[in-house]
Every structure is written in C-alpha cells, then in structure tokens.
1. Please give the average number of partner chain Cβ atoms lying within 10 Å of the Cβ of each residue in A:37-49, rounded to a whole number.
2. Can you tell me the relative contact order of chain B? Whole percent, Cα pairs under 8 Å, sequence separation 6 or more.
3. Looking only at trypsin sites (Lys or Arg not before Pro) in DSSP loops with at most 12 other Cβ atoms within 10 Å, what is the longest site-free stretch of chain B?
4. Under the rule of -39500 (n - 2.57) per DSSP H run of 4 or more residues, summed and divided by the residues of chain B, what mean residue ellipticity at 222 nm is obtained, to the nearest 500 deg cm²/dmol?
5. In whole angstrom, and with the biggest value first, how far do the Cα coordinates of the protein assembly as shown range along each principal axis?
6. Given a 10 angstrom Cα cut-off, can you work out which residue in A:GLU208, A:GLU159, A:GLU116 is the most mobile in a GNM of chain A?
7. If I model a spin label at B:LEU9 and B:LEU70 as a point 7 Å from the Cα along the Cα→Cβ vector, what separation in nanometres do I get?
8. Once the dipole of the protein assembly as shown is set up with Lys and Arg at +1 and Asp and Glu at -1 on Cβ about the Cα centre, which of A:GLY137, B:ALA108, B:TRP212 lies farthest towards its positive end?
Amino acid sequence: MLRAEIRRILPGMTIDVELAFSRGILVLFGPSGAGKTTVLNCLAGLQKPDSGIISLDDKVFFSSKDSINIPARSRRIGYVFQDYALFPHMTVKDNALYGIPGRCKKDQGYRMSVLEVMEMLKITHLQDRYPGQLSGGEKQRVALARALMVEPDLLLLDEPLSALDFTTRRNLQAELKQLQRIWRIPFVLVTHSRKEMHALGDEVLFLENGKHSKSLLSTRVLTPLQMAV
Amino acid sequence: MTEPIILSLKVALIAVCIDFVIGIVVARLMARREFMGKNIVESAIILPMVLPPTVLGYGLLIFFGKRGLLGSFLLENFDFQIIFTWWAAVLASAIVSFPLMYQSAKAAFSSVDISLENAARTLGTGEIRIFLTITLPLAWPGILAGLVLAFARALGEFGATLMVAGNIPGKTQTIPLAIYSAVESGEEELAKRLVLVITVLSFAALFWLNRWSKEKIQGWKKGSENNA
C-alpha cells in the first residue's frame, strides 16, 4: 500500500496531494504545470516535501513529523523519466545494468535474471548500441528495463508515452499494462492525455491547477476516482 | 637552453595537476549549489585572470614571505621557504591559470543533465559513483579543454613568477624568464630559439585541442548514423 500526503510550496502555488493505493496502475492526470512531476519527484525522494508523510507498506520514506527523509537511493523506487534520461555514453546493456553492482544478479536474491528482463522488454538485440542510435520506442524500453532490472517495490513513470508516435504508443500502452500484471508492483503514471488515462488507469487522481493560484494558500483539489477497467 | 624548457614543462604540468584537482571540486560545487554570496566567491575565483600578474605576485610574497601568514608558519614548523624556489613558480602558474580551468569545468558540469544523476540515484547509486561514472565522463570534454588552456597559460606565466620565484638560471628560470634575460643581455640567438620553442609548444596544445573537439563532435554524429 502506497500512502502519501504531500504538501510542497512552490513559487506561486502550493501542491497538496493525498493518495493511497495498493495495486495496479495509478494515473496522475492533469494539465501541464499542475505539479504532477513534482509529486513523482517527492515520492522518489528527488525533492523534499515541505510537510507530509510518504510510506510504502510498512516502510516510511518521508515524515515531516518524525524528521524522516530516506534518500532516493535507498527507497527502491524505480523511475522512468519523461525524456528517458538514458546515459548517453553507455551502451544499452551498460544502461540496463547500471543499478546492479558487479553486473551480475546471481545469488543476490533477485527474482529475474538479467537476460529475462532484457528479453521481456525486447532489447536484447540492441544491447551494444548507444542511446543516440535508438528510436523513441526503443529508448523507452531500455529506460523501463533499467528501472525494473533492480526490481523496485514501486515504479514511477513520467509521461512515458508522450514522445512516441501513434503506433508505438498503442503497442507500448498494452505492454505497460501487461508489465504491471507480470511484475505485480504498483505503478504511478503521470499523463496529460485523457486517452492514456482511460487505457492505463486502474485508479485515477485528477490534479487540477486551481485558478486562484495567485494566492499562496491556494490548494489544488484531488479527487480520487475509481475507474472500472 | 634545455634547462628552462624542462623546468617550464615541469612547472606547467604540476600547476595544471593542482588546477585539475581543485578546479573539479570547486567547479562541481559552484555548478550545482546555490548559496549566499555565490557571486562574490565566483568573482574572486575569476579575478586572477584580469588582475596584473604583478599584483598576484605581490600578494603571494606577502602571504608566503618570511613574515607572511603561511610563510612564517612553514618556516618555523618545517624549515621550508617557498619563495625563490621553483615551487613558487608552480604556485604562481597554478593561480594564474586556475580561472581558465575553473570556467571550462563549471560550464561542463552545468551542461550535464541533472535528470541523468537523478536516474542513477533512483537506481540505488551513491553520490561518489554517480560522479565518477556519469558526471565526470559527460563533462570530460569541457574539463579537458580547460586543462589544455590552463597548461598553455601556465607555460607562458611571467610576471607573478618573476616576483615570487625570481630569475635564477637553472633553478627558477622558466622559458619566458629566460627569454627576458637573453634579450636583456643581448643573446639574440638564444632568445629566438626559446621564442620558437614556446610558440610551437603553445600552438601545438591549442591546435590539438581544436582538432580533437571537432573530431569528438563528428565522432558522436558518425556513430549514430553508422549503426542506426
């Protein structure tokens, strides 16, 4: 169960988010500039909320009350960035294995081998290429493989399909859904596309940018909406 | 004639090594951190580039001289005096060339996409490994450019070196000082040869830097076309 109460004060607006969900894909939906990425960054530990609490199952990642702030590297939260953030000077294989010390998963308590993850994301044939030599869809698969290789407890995806063409997007949409079912960890996915929200979301949170954002006390309303999928 | 050349190369290389270590640390901090008075610190770092070298030389004399803050400490505790040794030439060269190293390195660090470092963090990586495997390799072309420029500048250092290291043949007389002495004492031939040597050395460093940076850019482009 992922629980989060995040309050983050930014210049010109305040983000106030409450969410709790346990399985499937949670879609954070809202227009650009609504603070969706900030919420992901807070969950991942890349930004610090001004106050609130973030926990996954029995692990508390952040609590302003108890002065807990676990750094990103110890949270075991995977993150697929909007621009993929692949390391441009490393091959696909080096990218995918970056989070595995010693580059070998044997006897380290992982569920899946390196090859299994590469095969699942269909990137084995690309392993010696550099990110600059990949198409958008291929980059996305490598970013997914890299994040999933370390077998995180939660996966965050920031606009994972926005940079892709229509066909690639449709294929990857189906694959993402399937991936979540196989992996059985919660996904939190940010999008501003209504179609994507309907196609992927098991649960949806609307992040609405309050029109009264001039006031520092303005809060955005978050409405949990159970979606029948 | 070989003495000043070897001394100059030795001084410039050690000065650049000092610039490298300090430059990397300072540039990295300045590229990623915001703090009060950052502009003041930054201006102070760049200052040696625009001040007359004699001002720096005078400052170093005051600081490292027998009665200087650090000079007296070194003399009393280690019986070591840096003024009028070739280490003083190293110090002067390192300080004068530091802004070149710092500016290139800072621009290089700033150009590394912060989301790459963040991606590494979410993969469970510690800060030192991130710096060594992501930040440093991606910033390397800019850092190398800074090193070459700093080396060329250190090689040509004259004013501050003269003030703190003196002009002692075989001990602290680098190429620029040897040229000055040769001209002063009417040894035209020696002066010409030394002028040729330092011009060729500096030109070679800059030429290599230019060619290398162009090849580097073309190499990246070519690589993606060949294999795509």
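Values quoted throughout were computed directly from the atomic coordinates according to the rules given, and no laboratory measurement underlies them. Given the structure is predicted, the values throughout are model-derived calculations rather than measurements. Note that each Cβ is placed from the backbone with ideal geometry, even for glycine, and that neighbours are counted across all protein chains shown.
1. Going residue by residue through A:37-49 and averaging, the value is 1.
2. Relative CO of chain B lands at 29 percent.
3. That gives B:68-228 as the longest site-free run.
4. Taken over chain B, the calculation gives -26500 deg cm²/dmol.
5. Sorted from largest, the Cα extents of the protein assembly as shown read 95, 52, 46 Å.
6. Comparing A:GLU208, A:GLU159, A:GLU116 in the GNM, the peak value goes to A:GLU116.
7. Placing both labels 7 Å along Cα→Cβ, they lie 2.8 nm apart.
8. Of the candidates, A:GLY137 comes out farthest on the positive side.
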